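Take a look at the structure set out below.
Each reported figure results from applying straightforward, stated rules to the coordinates on display, with no laboratory input. Since this is a predicted model, take the numbers as computed values, not measurements. In this analysis, Cβ positions are derived from the backbone assuming ideal geometry, glycine residues included, and neighbour counts consider all displayed protein chains.
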Amino acid sequence: MVIVAGQIFVNPAQRERYLADCVSVVEQARRAEGCLDFSITADLLEPGRINVFERWETQEAVQTFRRSGPSEEQDAMILAPSVSEYDVADVRSLT
């Protein structure tokens, strides 16, 4: 399993627009083969921060989806990205 997690920072005045533009990306990702979860959300404390969380079955599934990437307009709004991929070897349920 692969987890992609982190945050991106945008101008606080543009955050709602950025998130609205991400709705179709989230819909597309959640339909993609190998996607277990995909979320792009506004941070509750920092007005320019957007949290990213993705869970994929395989690295290949991530790479296939990444080929579509953010639009040039979305990419231009990102001031500072800090997102990483994690290879997960084992999972323990907390419920």
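Observations, loosely collected:
- Filter result for E33 (over 13 Å from I8 (Cβ atoms) and out of contact with any strand residue (DSSP E or B) (no Cβ under 9 Å at 6 or more places or on another chain)): yes
- Enumeration of residues in region 6-29 that are over 16 Å from I78 (Cβ atoms) and in contact with an Asp or Glu (Cβ under 8 Å, 6 or more places away or on another chain): A29
- Positions within region 1-54 being β-branched (V, I, T) and over 23 Å from R92 (Cα atoms), in sequence order: I8, V10, V23, V25, V26, I40, T41, I50
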